[in-house]
Amino acid sequence: MTAALAVLAGAALAQPVTITWFVGLGAGAQPEQQAAQDAIVERFNAEHDDIRLEIVYVTNEVSVTTLSTLIATGEAPDIVGPVGGAGSAAFAGNFLDLTPLIESTGYDLSQFPEAAVENQRTDEGLIGIPFASFPAFLYYRPALFDEAGLEYPPAEIGAPYVLDGQEVPWDIDTLTEVAKRLTVDANGYDATEPEFDPTQTVQWGFVNQWAGAGAARQNVTLFGPGLLVDEAGNAQMPDNWREGWRWYYDAIWTHHFMPSADEDGSDLLAAGNPFESGNVAMAQSHLWYTCCLSGTEWDAAALPAYDGEVTARLHADTFRIMRQTDNPEEAFEVLTYLTGPASMDLLAVYGGMPTRPGDQAAFFAALDEKYSQGVNWDVARAHVAFADVPSHETPMPNHNRANDRLDQFKSLLDSQPGLDVDAEIDRLIADLQVLFDEAR
Amino acid sequence: MSARTALGRGKPSPLLREQRVWGWVFLSPWVIGFLAFTILPILASLVFSFTDFRLTEPESVSFVGLDNYRKLFVDPLVKVSLGVTLRFALLALPIGIVLPVALAALLDSKWLVGKPFFRTLFYMPYVVPVVSAIFIWQGVLNAQSGWLNRLLRLVGVPGPNWLDDVNWIYPALVIIGLWGIGNAFLITLASMQAVPTAFYEAARVDGASAWARFRHITLPMISPVIFYNLVLAVIGLMRYFEVPFILSNGTGRPGDSTMFFNIHFYKTSFVFFDMGYGSALAWLLFVITMVFTGLLFYSARYWVFYAAGEVR
């Protein structure tokens, strides 16, 4: 009898721990992406007797409600991902701080650039291991610069620009001037000329490509990093961002080199994919924008400096362990497998740049096959070192409501001329304060 | 002795009992579905409305009494969103009721050539999926490149910024809404064509004009259908969501003019995960809808004419 119980207990002890991997908050749930991930799960299970990995795919559109429902019903998965900062921020407070696990297992973080590691740090602690990086840089269309008789923006960060035969710093002021010259109306006048008709614009100088809903803070990071909450938990608008919003608003309604909301949705700008339309000369966007950029008539350049400093937004997708997991050690083992031995296969599926510098050559070789014009990918690589710290995706108190209020603010600037931007910012801060106070 | 017993129907026959059982068996999929997917969630939302239940923090749910209902009175967005819904209803409702009647009258006219073509034409948009229709209209109403403003420019009129101007957004939403009147139009037409021709012939003999015939015969005879369309339209307006949500990404743009009540409810529950307060918002919407529907049914006795001769 005792022996039988011992056998049964032994059998129970030998049961592998099941770790559930939830895919859908970011990339990975598309049908054509699933086979490769299924193969990785099979491989992991074949190599591990003590852990059984199960994968769950949920389409991106319903992933937030599905995950929140799973959490609400006590069925939270162990691991979610790949997911970026914005997707993670919606679930702020639900991720495990990996620091104790990293320390107890001796996991080596020095294999990643320091900025990429810091990018994963929030108030909850270190909630991810760097995996895929998507630095922002400047996309530009050489043909439009040629047409305007302008030099191309520099590829090297910090290098000067040659404007009207003179070297000038490649900074926000220069970008503004160049963008105005590249903004053209139907009669051929550019935005520096008095005859320019902003109601007839057919070509714009600059856009923040896809920095809309849920990502309002992306629009001012050219002016440096910042946080909307101070150390005491109060709402604030850093001076550099206040100046950034004024510049942003003037770019749309005074200088007209950035499209308004209505212009952005027009056929002239491919109904929401402005740089792809061919009617925008420069776009600040991330490496992930290569997902949706066809044609070869573009190149990469350095972002301009503000106050002598260059700041490049960094998006970093990775996998996270839910704090609700019953098996953090096993989940961490899976996490390090996904970001380690399986990373190259997964990065190929997701289209992300490996954060480990040594793995990047193969990734860019694949991109060169798609873009035969010979894009200078060193530009993308170099911008990682200028990542915005703290990240523009840092969760805020009462994050989802605060982010929604930010969206409303940006939407207002995008759509309404004649605003007092400072007054709107003050209103925003007051509203954020109420939301932050609710979270105390 | 009751009438049932007197008629010998006090005890159902085995055949009747069997038929009843089978009736319930065949009804059971719907009944089970109704209980599981309608009644249960309704009751659950009632319970949630007395708690601070957040989807992402299920472990910290506590009973908060009437706090969520008290919050309804201090939440500025409740007032804003109800105001938006009401303002839009004042514009959309009359047009949404009158236009199907007008179109049906046009299609019912003996002078119109190609009726089947027009009938199909007016109904066809109704079968277009709503999301596709919204995206199409978003393009059509774009101030820069939209067809509507291009046409206006052709005749020298600078088109408005339909979707980003607080003064034009409601007309724009009404225009988009007209895309879906095919169903109301079709049942109104069917009702109109069911009016006995003898009424019209008698009125003609009495010298009634076309307008008098329409006013005193057609309208009363189709009033049950108008009433039906009206009830559905009011309920539809209280549920109005997809169009403004897709157009503005739920931001309420321009200003707060598209912050309809349902958008506020949706965001509270499923974006902010505040299921407790979201449930209270849902119950407020339910009560308001019931009040409006009740008022409509009460008013029906004064203007809805039923062919059986009773005015209810």
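Laid out as a table, the results:
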| read-out | value |
| --- | --- |
| Tally of residues being among the small types (Gly, Ala, Ser) and more than 14 Å from chain A (Cβ to nearest Cβ) across the range B:124-167 | 2 |
| Elements of type helices (runs of 4 or more DSSP H) in the range A:88-196, at least 3 residues being without any contact (Cβ under 8 Å) to a residue 40 or more places away in the chain and closer than 29 Å to A:Ala251 by Cα | A:172-181 |
| Test for B:Ile175: is it β-branched (Val, Ile, Thr), within 19 Å of B:Tyr240 (Cα to Cα) and surrounded by fewer than 17 Cβ atoms within 10 Å (Cβ to Cβ) | yes |
| Candidate set from the range A:324-352 (those that are modelled with pLDDT of 90 or more and aliphatic (A, V, I, L, M)); member that is nearest to A:Asp78 (Cα to Cα) | A:Ala331 |
| Number of positions in the range A:269-295 that are out of contact with any Leu (no Cβ under 8 Å at 6 or more places or on another chain), modelled with pLDDT of 90 or more and either within 14 Å of another protein chain (Cβ to nearest Cβ) or part of a helix (DSSP H, G or I) (or both) | 3 |
| Within the range B:48-60, considering residues that are more than 8 Å from chain A (Cβ to nearest Cβ) and free of Cβ contacts under 8 Å to residues at least 12 places away in the same chain, the one most open to solvent (accessible area, probe 1.4 Å) | B:Glu59 |
| Count of residues meeting criterion [open to solvent by 50 Å² or more (accessible area, probe 1.4 Å) and under 17 Å from the mean Cα position of the chain (by Cα)] in the range A:94-124 | 2 |
| Among (1) without any contact (Cβ under 8 Å) to a residue 12 or more places away in the chain; (2) away from chain A (no Cβ under 14 Å) - the single one B:Asn249 does not satisfy | (2) |
| Search result, residues across the range B:237-268 that are aliphatic (A, V, I, L, M) and open to solvent by 10 Å² or more (accessible area, probe 1.4 Å) | B:Leu237, B:Met238, B:Val243, B:Ile246, B:Leu247 |
| Filter result (assigned to a helix (DSSP H, G or I) and under 19 Å from A:Thr176 (Cβ atoms)) within the range A:247-263 | A:Trp247, A:Tyr248, A:Tyr249, A:Asp250, A:Ala251, A:Ile252, A:Trp253, A:Glu263 |
| Search result, residues across the range A:198-245 that are more than 14 Å from chain B (Cβ to nearest Cβ), among the β-branched types (Val, Ile, Thr) and either assigned to a loop (DSSP other than H, G, I, E, B) or in contact with an Asp or Glu (Cβ under 7 Å, 6 or more places away or on another chain) (or both) | A:Thr221 |
| Residue match in the range B:63-72 (condition: assigned to a helix (DSSP H, G or I), exposed (fewer than 14 other Cβ atoms within 10 Å of the Cβ), in the same structural domain as B:Val195 (by TED's automatic domain parsing) and hydrophobic (A, V, I, L, M, F, W, C)) | no |
| Filter result for the condition that a residue is among the acidic types (Asp, Glu) and within 28 Å of A:Gly308 (Cβ to Cβ), over A:Glu114, A:Glu193, A:Glu124 | A:Glu114 |
| Pairs where the first residue, in the range B:130-155, is closer than 19 Å to B:Gly177 by Cβ and the second is open to solvent by 70 Å² or more (accessible area, probe 1.4 Å) and part of a helix (DSSP H, G or I), C-beta under 8 Å, 6+ apart | B:Val130/B:Glu242; B:Val131/B:Glu242; B:Ile134/B:Glu242; B:Gly139/A:Asp267; B:Gly139/B:Trp147; B:Val140/B:Trp147; B:Asn142/A:Asp267 |
| Residue in the range B:186-194 that is open to solvent by 50 Å² or more (accessible area, probe 1.4 Å) and part of a loop (DSSP other than H, G, I, E, B) present | yes |
| Scope the range B:112-158; condition part of a loop (DSSP other than H, G, I, E, B), under 30 Å from the mean Cα position of the chain (by Cα) and either within 18 Å of A:Leu269 (Cα to Cα) or not assigned by TED's automatic domain parsing to the domain that holds B:Ile175 (or both); matching residues | B:Leu141, B:Asn142, B:Ala143, B:Gly146 |
| Selection from the range A:407-440 of residues that are more than 10 Å from every other protein chain (Cβ to nearest Cβ), crowded, with 19+ Cβ neighbours inside 10 Å and in contact with a Gly (Cβ under 9 Å, 6 or more places away or on another chain) | A:Phe436 |
| Breaking point among (1) closer than 30 Å to B:Ser62 by Cα; (2) of a type in the set (A, V, I, L, M); (3) away from chain B (no Cβ under 14 Å), for A:Ala115 | (1) |
| Enumeration of residues in the range A:63-87 that are touching a residue at least 24 places away in the same chain (Cβ under 8 Å), within 11 Å of chain B (Cβ to nearest Cβ) and in a helix (DSSP H, G or I) | A:Val64, A:Thr66, A:Leu67, A:Leu70, A:Ile71 |
| Filtered residues of the range B:83-120 (kept if under 30 Å from A:Arg405 (Cα atoms), crowded, with 17+ Cβ neighbours inside 10 Å and of a type in the set (A, V, I, L, M)) | B:Val84, B:Ala89, B:Ala92 |
| Verdict on B:Ile226 being more than 14 Å from chain A (Cβ to nearest Cβ), within 24 Å of B:Phe185 (Cβ to Cβ) and open to solvent by 50 Å² or more (accessible area, probe 1.4 Å) | no |
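Let's see how each residue does on (1) closer than 21 Å to B:Ile288 by Cα; (2) over 24 Å from the mean Cα position of the chain (by Cα):
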{"position": "B:Ala202", "(1), (2)": "no, yes"}
{"position": "B:Asp206", "(1), (2)": "no, yes"}
{"position": "B:Ala210", "(1), (2)": "no, yes"}
{"position": "B:Pro224", "(1), (2)": "no, no"}
{"position": "B:Ala233", "(1), (2)": "yes, no"}
{"position": "B:Gly236", "(1), (2)": "yes, no"}
{"position": "B:Pro244", "(1), (2)": "yes, no"}
{"position": "B:Ser248", "(1), (2)": "no, no"}
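Okay, residues lined up against (1) crowded, with 22+ Cβ neighbours inside 10 Å; (2) farther than 24 Å from A:Phe137 by Cα; (3) modelled with pLDDT of 95 or more:
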{"residue": "A:Gln200", "(1), (2), (3)": "no, yes, no"}
{"residue": "A:Gln203", "(1), (2), (3)": "yes, no, yes"}
{"residue": "A:Ala213", "(1), (2), (3)": "no, no, no"}
{"residue": "A:Gly224", "(1), (2), (3)": "no, no, yes"}
{"residue": "A:Leu228", "(1), (2), (3)": "yes, no, yes"}
{"residue": "A:Glu243", "(1), (2), (3)": "no, no, yes"}
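The values are calculated or read from the model by the stated rules, or taken from the named source; none is laboratory data. Not measured: the values here are computed from a predicted model. Here the Cβ is made from the backbone with ideal geometry for all residues, glycine too, and neighbour counts use every protein chain on show. Side chains included, ligands, DNA and RNA excluded: accessible areas come from the protein's heavy atoms. Shrake-Rupley method; radii C 1.70, N 1.55, O 1.52, S 1.80 Å.
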